[in-house]
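Beneath this line is the structure, given in C-alpha cells, with notes to follow.
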Amino acid sequence: MSFRDRTHAGRELALRLVERAGSGHLIDVLVLALPPGGVPVAAEVAGALHAPLDVLVAGEISTPVRPETAIGALVADDPPLYDRRSLAMMHLSEDRLGDVVVGERNELHRREYLYRGRRPLPSVNGRTVVLVDDGLTTGLTATAALRFLRRHGPTRLVLAIPVGNARTLSSLRDECDALVCLQQPPSLHAVGEWYEDFAPVSDTQVADTLHAFHATA
C-alpha cells in the first residue's frame, strides 16, 4: 500500500486511531504534528478524533559536508540529540558543531513564531498526546520530540505515522506508550518513496492549517 498524498495517509491513519479511541485508549487527546510534512497528516487525525491540533517544531542538525544527512535533532531549548555512530564515522564532536546548533536553534524558534506567534505550546500534562509525522527513517527527530513531551507529563504518549522503517520503529517503542504505523517496510531510505505526491509543505500551508483549526476551536 502506498499513499496518494499526505491527506490520504492522514485519513488512513485516522481510521486506525479512531478504532483505538472507540475502545477507550484515547482520552483527552491533543494532536501534535511535526512540521512541515506532518501537518497535513495530523490535520486529518485531529479532525477524525475531534481533537485540538498544534505543532511541535523540531530541527535537524546536519553538516556542510553532508547536508542531506541528519546527525542530530533539536526540540525547543532541549540539548541536541545526536546519532553517536554518525558522529564517530564523520570524526565529529559536539563541540565542533556548536555554531551549527546555534543556527538551527535560531531557525527552529523562527518557525515556532511563524506557526504559532506568541501562543505557547498547549499543556500536555495529564493528556493523551498523539505525535504525528508523515513518516520516519532514522527516527532522530521523533525520538527527540517524544523525550521532550515525556518530560512534560502526558498521561499517554502515542506516536502515529503512515510509514516507518521497521528497525527504527523497534527502537522507538520504549520512547512512547503506543506506536501506530500503517506500513513498516524492512528497508526505507526515503519517506517519499511511499507517496505518489510528496510535494513540499510550505510554511504558509502549515500556518493556514493551524489557523483554520484554532479559528473553529
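The values are calculated or read from the model by the stated rules, or taken from the named source; none is laboratory data. What you see is a predicted model; the values in this text were computed from it and never measured. Counting neighbours? That spans all protein chains shown, and the Cβs are built from the backbone with ideal geometry, glycine included.
One residue alone among 172, 182 is surrounded by fewer than 19 Cβ atoms within 10 Å (Cβ to Cβ) and aliphatic (A, V, I, L, M), and that residue is 182.
Number of residues in the range 142-163 that are assigned to a strand (DSSP E or B) and within 12 Å of the chain's Cα centre (by Cα) equals 5.
If you go through the range 141-168 and keep only what is surrounded by fewer than 19 Cβ atoms within 10 Å (Cβ to Cβ) and out of contact with any Pro (no Cβ under 9 Å at 6 or more places or on another chain), you end up with 147, 150, 151, 152, 153, 155, 156, 168.
Would you confirm whether or not the range 21-28 contains a residue that is surrounded by 17 or more Cβ atoms within 10 Å (Cβ to Cβ) and in the same structural domain as residue 190 (by TED's automatic domain parsing)? Scanning the range 21-28 turns up at least one residue that is surrounded by 17 or more Cβ atoms within 10 Å (Cβ to Cβ) and in the same structural domain as residue 190 (by TED's automatic domain parsing). Consider the range 60-77 and keep the residues that are touching a residue at least 12 places away in the same chain (Cβ under 8 Å) and among the charged types (D, E, K, R). The one that is nearest to residue 109 (Cα to Cα) is 77. Scan 196, 175 and give me the residue that is of a type in the set (Asp, Glu) and either under 15 Å from the mean Cα position of the chain (by Cα) or closer than 25 Å to residue 115 by Cβ (or both). Just one listed residue meets the conditions, 175. Is at least one residue of the range 36-53 assigned by TED's automatic domain parsing to the domain that holds residue 181, without any contact (Cβ under 8 Å) to a residue 40 or more places away in the chain and touching a Gly at 6+ places or on another chain (Cβ under 6 Å)? Checking the range 36-53: at least one residue is assigned by TED's automatic domain parsing to the domain that holds residue 181, without any contact (Cβ under 8 Å) to a residue 40 or more places away in the chain and touching a Gly at 6+ places or on another chain (Cβ under 6 Å).
With (1) crowded, with 20+ Cβ neighbours inside 10 Å; (2) not assigned by TED's automatic domain parsing to the domain that holds residue 193 as the list, and residue 31 as the residue in question, which single condition is left unmet? That leaves (2) as the condition not met.
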